[in-house]
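The values are calculated or read from the model by the stated rules, or taken from the named source; none is laboratory data. This structure is a prediction, so every number in the text was calculated from the model and none was measured. For neighbour counting, all protein chains shown are included, and Cβ atoms are generated from backbone atoms with ideal geometry for every residue, glycine included. Keep in mind that these areas ignore ligands, DNA and RNA; they rest on the heavy atoms of the full protein, side chains included. Shrake-Rupley method; radii C 1.70, N 1.55, O 1.52, S 1.80 Å.
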Amino acid sequence: MSEAHHGSLQLRVKRIEAVTPEINRYTFSAADGSWLPPFSGGSHIRVLIPFEGETRRNAYSLMSSPYDTSEYQIAVRRVDEGKRGSIAMHRDVREGDVLSATIPANLFPVSKHARHHVFIAGGVGVTPIYAQLDELSLKGSSFELHLAVRGPEHAALGHELRERYGERVVLYGDGDGTRLNSYEILGGLPLGTHAYVCGPSRMVDDVIRAAHTHGWTDSHIHFERFEDLGSTGDPFSVTLARSGAVVEVSPEQSLLEAVEEAGHKLPYLCRGGACGECETEVLELEGTIDHRDDWLSESDRCTNKLIMPCVSRATCTKLVLNA
Amino acid sequence: MTAVSNPAGFTPDETYTPGGEYRFRNSREAVRRLPFPFPDDEYMYSMNLEPHVSAGTGALRAAFDVDEHYVSECAHRDQMLREMPGVHYLALPHMMEAQWDLLELIFESYNRDFPEHFTLTRNGNEWRWQNRLLGIDDSFTFGDPETLPMDPMEYATRQAQGEFVVLEERDNTLVIGAGMTTQRADYSLQFNLGMNFSEFHGPVPKLDKMGILDRALKFLLRMKPGHPVRRVNWSLTVHPRLETSVETLPDWAPDRARVTAENAGDMVYLRIELQPLHRLPRSNAIVFPVRTYLVSLAELVEHAPGWAKRVHRALASLDPELADYKGFHRYHGAAVEWLSRHDDGAPLATGYPWIEGGIQPGSGSPR
């Protein structure tokens with residue numbers, strides 16, 4: 001069972017390049033020299049980054065070609081605020097290091113039915129589009145990319161794509177005073193076009209609004225949200241009432257996995273929050289439950305009397321389960 | 001594709017058709033390795049999805065199971081495709097990438113799980129595929145359909161047991177984009193092609209009310225490559241007939257009226273469907289395989305009496321609406337009556353047989 005649930009990749013850092021003052025590009029190969037799993041354009045991996053005794057799980061889009069699985073590439077922008085996983089990537093990770101990562105998953109695939117694809121991106125948001133354009137260009141699909149950068153010193157990735165795809169790549173903010181205007185871009189496109197946006201949330205909102213103003217349907221507007229956290233999150237502890245055992249749930253494991261590791265049993269089947277098998281009664285709670293399942297109804301959730309241990313977590317000082 | 005004469009342990013001359021006089025039987029080992037689908041005395045339609053990880057030494061050991069009927073089943077597929085071209089295998093044009101994904105998944109799995117029968121040798125995109133059970137040794141370029149004699153999906157699934165439906169993810173639902181379905185249980189691939197998840201589940205009674213469909217879809221959309229899940233399903237069928245599609249209904253439906261409490265043991269087959277779903281890596285499609293196992297009620301009683309008792313109880317307490325949907329209401333009573341003679345009412349373990357403490361086949365008298 002463990003293999004399928006914790007299945008992770010061991011990636012060796014082959015090369016680190018600084019591509020802008022804030023962005024490093026990392027090239028990985030499989031630590032054991034084998035092939036990496038294939039993926040589709042728009043996929044991401046979660047990299048497990050050791051940081052001051054803890055582990056950060058940051059999602060990064062794969063920007064290398066989906067047709068070459070001898071290596072993966074990601075780009076990491078250093079962000080000084082927040083949980084600071086990117087700082088560790090920039091400061092601590094060296095060529096030759098081995099990092100754990102999840103198998104690629106795709107929450108931002110390209111449409112297979114589009115007549116034309118328009119990509120709008122800001123800064124490091126261009127990374128998933130690298131792989132998507134590779135896929136589309138191999139298939140001979142029609143596309144264009146509009147990329148906004150904060151100045152010429154931040155434009156290296158844009159230049160690289162311009163080199164590959166020529167006029168189909170339009171750069172904004174590269175020292176020539178141009179500004180990306182999504183309303184204008186979307187206005188002149190033929191029916192059957194699909195739009196993809198990746199960048200700061202302000203930009204995503206702006207593109208969605210512009211598309212709606214032009215009368216686009218949601219099925220033709222694509223954007224990525226890294227909301228699929230699976231069953232991981234902040235640590236908490238849980239008390240099993242029947243044995244009195246106190247189990248610590250670490251950030252990397254689900255409540256169910258922690259209970260199993262401690263030698264206790266809970267019923268389960270799907271381990272994905274859908275089947276209802278592991279539904280467990282909450283006897284005491286001081287805090288809030290982070291319900292992540294598809295099983296409990298909205299009213300069940302509000303009562304906080306039930307939890308699905310295979311995916312859900314809690315932010316709490318006390319959680320006692322009838323188990 | 002010429003089958004080699006008689007590879008050890010395989011029964012290459014079985015038939016699944018009236019023309020071939022339904023020449024099919026299971027060995028004792030084949031029965032006792034089945035993915036038996038009844039964990040409880042009462043059958044409930046449920047979201048019985050679980051991670052598809054190797055379990056035990058039977059049908060759940062491999063990612064895609066191969067058993068003693070492999071050679072005969074591949075021959076049956078070939079026969080069905082020749083008899084009704086364009087009915088059993090269909091693929092929409094934009095599914096080509098998923099076709100290659102599926103070929104890779106099946107061949108890699110067979111190569112890993114049954115190295116004595118299959119060898120896949122990869123040198124970049126130049127692949128060599130050896131299938132010793134069917135006497136195939138082909139080289140082709142992965143990704144180039146010109147280098148294969150037919151579509152990659154047809155090529156791979158002609159050499160695989162079970163049927164395969166490929167679902168494309170579009171607009172937050174799953175749409176049927178391709179299928180190899182020579183073993184259809186009462187539906188039409190042509191009719192269902194292009195339908196989405198709620199549309200092709202339309203005929204299943206009660207599902208909607210129970211909210212199962214929505215939950216199942218959300219779960220499937222979150223599926224990731226490398227993390228397959230499985231479920232088991234079942235039905236009953238008359239004769240060991242694999243192909244019971246809507247298109248050939250006049251050929252097989254009348255047999256349902258010939259079952260009696262006297263002949264049900266030999267005429268009625270439990271049809272077990274093992275469904276291991278995989279997210280495909282390049283196309284982001286999901287493949288929904290249906291690996292069908294046939295076992296007669298008499299074979300169950302002889303080789304797995306514990307399971308026969310369980311089938312009796314599950315059928316006896318079955319909701320008539322489900323029996324109707326599954327297409328056996330006409331002989332439901334006859335099957336229950338025949339089975340009742342082989343059930344002493346002793347308590348049985350609960351849980352699937354591959355789960356610790358689950359129901360085991362029981363010790364029947366060996367032949």
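So which residues in region B:279-288 are open to solvent by 10 Å² or more (accessible area, probe 1.4 Å) and away from chain A (no Cβ under 12 Å)?
Within region B:279-288, B:Phe288 is the sole residue that qualifies.
Quick one: would you say A:Ala75 is over 30 Å from B:Leu92 (Cα atoms) and not in a helix (DSSP H, G or I)? If you could, list the steps in order and put the result at the bottom.
On the way: over 30 Å from B:Leu92 (Cα atoms): yes; not in a helix (DSSP H, G or I): yes.
When the stated conditions are applied, A:Ala75 passes them.
Residue-wise test of (1) within 14 Å of chain A (Cβ to nearest Cβ); (2) not in a strand (DSSP E or B).
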position: B:Trp127; (1), (2): yes, no
position: B:Gln130; (1), (2): no, no
position: B:Asp137; (1), (2): no, no
position: B:Tyr155; (1), (2): no, yes
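Yes or no, residue by residue, for (1) modelled with pLDDT under 95; (2) among the polar types (S, T, N, Q); (3) out of contact with any helix residue (DSSP H, G or I) (no Cβ under 7 Å at 6 or more places or on another chain):
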{"site": "B:Leu270", "(1), (2), (3)": "no, no, no"}
{"site": "B:Glu273", "(1), (2), (3)": "no, no, yes"}
{"site": "B:Ser283", "(1), (2), (3)": "yes, yes, no"}
{"site": "B:Ser296", "(1), (2), (3)": "no, yes, no"}
{"site": "B:Val301", "(1), (2), (3)": "no, no, no"}
{"site": "B:Ala308", "(1), (2), (3)": "no, no, no"}
{"site": "B:Arg313", "(1), (2), (3)": "no, no, yes"}
{"site": "B:Asp324", "(1), (2), (3)": "yes, no, yes"}
{"site": "B:Gly327", "(1), (2), (3)": "yes, no, yes"}
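Under 7 Å between Cβ atoms, at least 6 apart or on separate chains: pull out the pairs that start in region B:315-334 with a residue that is farther than 14 Å from B:Val238 by Cβ and end on any residue that is β-branched (Val, Ile, Thr) and surrounded by 15 or more Cβ atoms within 10 Å (Cβ to Cβ).
B:Leu315/B:Val336; B:Ala316/B:Val336
Name the single residue that is farthest from the other protein chains (Cβ to nearest Cβ) among those in region A:248-304 being under 27 Å from B:Arg231 (Cα atoms) and assigned to a strand (DSSP E or B).
A:Glu281
Pull up region B:261-278, narrow it to residues that are among the charged types (D, E, K, R) and under 23 Å from B:Gln161 (Cβ atoms), then point me to the one that is farthest from the other protein chains (Cβ to nearest Cβ).
B:Arg271
Give the number of residues within region A:197-223 that are within 14 Å of another protein chain (Cβ to nearest Cβ) and open to solvent by less than 30 Å² (accessible area, probe 1.4 Å). Give the steps one after another, and end with the answer.
Step one: filter region A:197-223 for residues within 14 Å of another protein chain (Cβ to nearest Cβ), giving A:216-223.
Now restrict to residues that are open to solvent by less than 30 Å² (accessible area, probe 1.4 Å): A:221.
Qualifying residue count for the region: 1.
Considering only region B:41-59, state which residues are crowded, with 16+ Cβ neighbours inside 10 Å, touching a residue at least 40 places away in the same chain (Cβ under 8 Å) and within 14 Å of chain A (Cβ to nearest Cβ). Reasoning before the result, please.
Step one: filter region B:41-59 for residues crowded, with 16+ Cβ neighbours inside 10 Å, giving B:41, B:43, B:47-53, B:55, B:58-59.
Next cut, touching a residue at least 40 places away in the same chain (Cβ under 8 Å) only: B:41, B:43, B:47-52, B:55, B:58-59.
The answer is B:Met47, B:Asn48, B:Leu49, B:Glu50, B:Pro51, B:His52, B:Ala55.
Based on what the data block shows, is B:Asp67 touching a residue at least 60 places away in the same chain (Cβ under 8 Å), among the charged types (D, E, K, R) and in contact with a strand residue (DSSP E or B) (Cβ under 9 Å, 6 or more places away or on another chain)?
yes
How many residues, within region B:110-120, are surrounded by fewer than 21 Cβ atoms within 10 Å (Cβ to Cβ) and assigned to a helix (DSSP H, G or I)?
Qualifying residue count for the region: 3.
State yes or no: is B:Pro18 under 21 Å from B:Tyr269 (Cβ atoms), open to solvent by 50 Å² or more (accessible area, probe 1.4 Å) and touching a helix residue (DSSP H, G or I) at 6+ places or on another chain (Cβ under 8 Å)?
Taking the combined requirement at face value, the residue satisfies it.
Among the residues of region B:228-239, is any closer than 25 Å to B:Ala91 by Cα and outside any strand (DSSP E or B)?
Among the residues of region B:228-239, at least one is closer than 25 Å to B:Ala91 by Cα and outside any strand (DSSP E or B), which makes the answer yes.
Within region B:60-104, track down each residue that is assigned to a helix (DSSP H, G or I) and either open to solvent by 40 Å² or more (accessible area, probe 1.4 Å) or polar (S, T, N, Q) (or both).
B:Ser72, B:Ala75, B:Asp78, B:Gln79, B:Arg82, B:Glu83, B:Pro93, B:His94, B:Met96, B:Gln99
Condition check ((1) part of a helix (DSSP H, G or I); (2) open to solvent by 50 Å² or more (accessible area, probe 1.4 Å)) across all residues:
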site	(1), (2)
B:Pro254	yes, yes
B:Gln275	no, no
B:Val290	no, no
B:Asp324	yes, yes
B:Ala346	no, no
B:Trp354	no, yes
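Scanning region A:149-194 for residues that are more than 22 Å from A:Asp134 (Cβ to Cβ) and in contact with an Asp or Glu (Cβ under 6 Å, 6 or more places away or on another chain), which turns out surrounded by the fewest Cβ atoms within 10 Å (Cβ to Cβ)?
Once the filter is applied, the top-ranked residue is A:Pro152.
Test of understanding: among A:Ile74, A:Ile16, A:Ile49, which residue is away from chain B (no Cβ under 14 Å), of a type in the set (Val, Ile, Thr) and over 16 Å from the mean Cα position of the chain (by Cα)?
From the options A:Ile74, A:Ile16, A:Ile49, the qualifying one is A:Ile16.
Against the definition (among the polar types (S, T, N, Q), within 14 Å of another protein chain (Cβ to nearest Cβ), open to solvent by 10 Å² or more (accessible area, probe 1.4 Å) and more than 18 Å from the chain's Cα centre (by Cα)), how does A:Thr102 come out, yes or no?
It is false that A:Thr102 is among the polar types (S, T, N, Q), within 14 Å of another protein chain (Cβ to nearest Cβ), open to solvent by 10 Å² or more (accessible area, probe 1.4 Å) and more than 18 Å from the chain's Cα centre (by Cα).
Here's the yes/no breakdown for (1) within 10 Å of another protein chain (Cβ to nearest Cβ); (2) surrounded by fewer than 20 Cβ atoms within 10 Å (Cβ to Cβ); (3) over 19 Å from the mean Cα position of the chain (by Cα):
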position: B:Leu213; (1), (2), (3): no, yes, yes
position: B:Lys218; (1), (2), (3): yes, yes, yes
position: B:Leu221; (1), (2), (3): yes, yes, yes
position: B:Gly226; (1), (2), (3): yes, yes, yes
position: B:Arg231; (1), (2), (3): yes, no, no
position: B:Leu236; (1), (2), (3): no, no, no
position: B:Pro240; (1), (2), (3): no, no, no
position: B:Glu243; (1), (2), (3): no, no, no
position: B:Leu249; (1), (2), (3): no, yes, yes
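If you check A:Leu255, A:Leu240, A:Leu283, which single one turns out to be over 30 Å from A:His146 (Cα atoms), touching a strand residue (DSSP E or B) at 6+ places or on another chain (Cβ under 9 Å) and buried (at least 21 other Cβ atoms within 10 Å of the Cβ)?
A:Leu255
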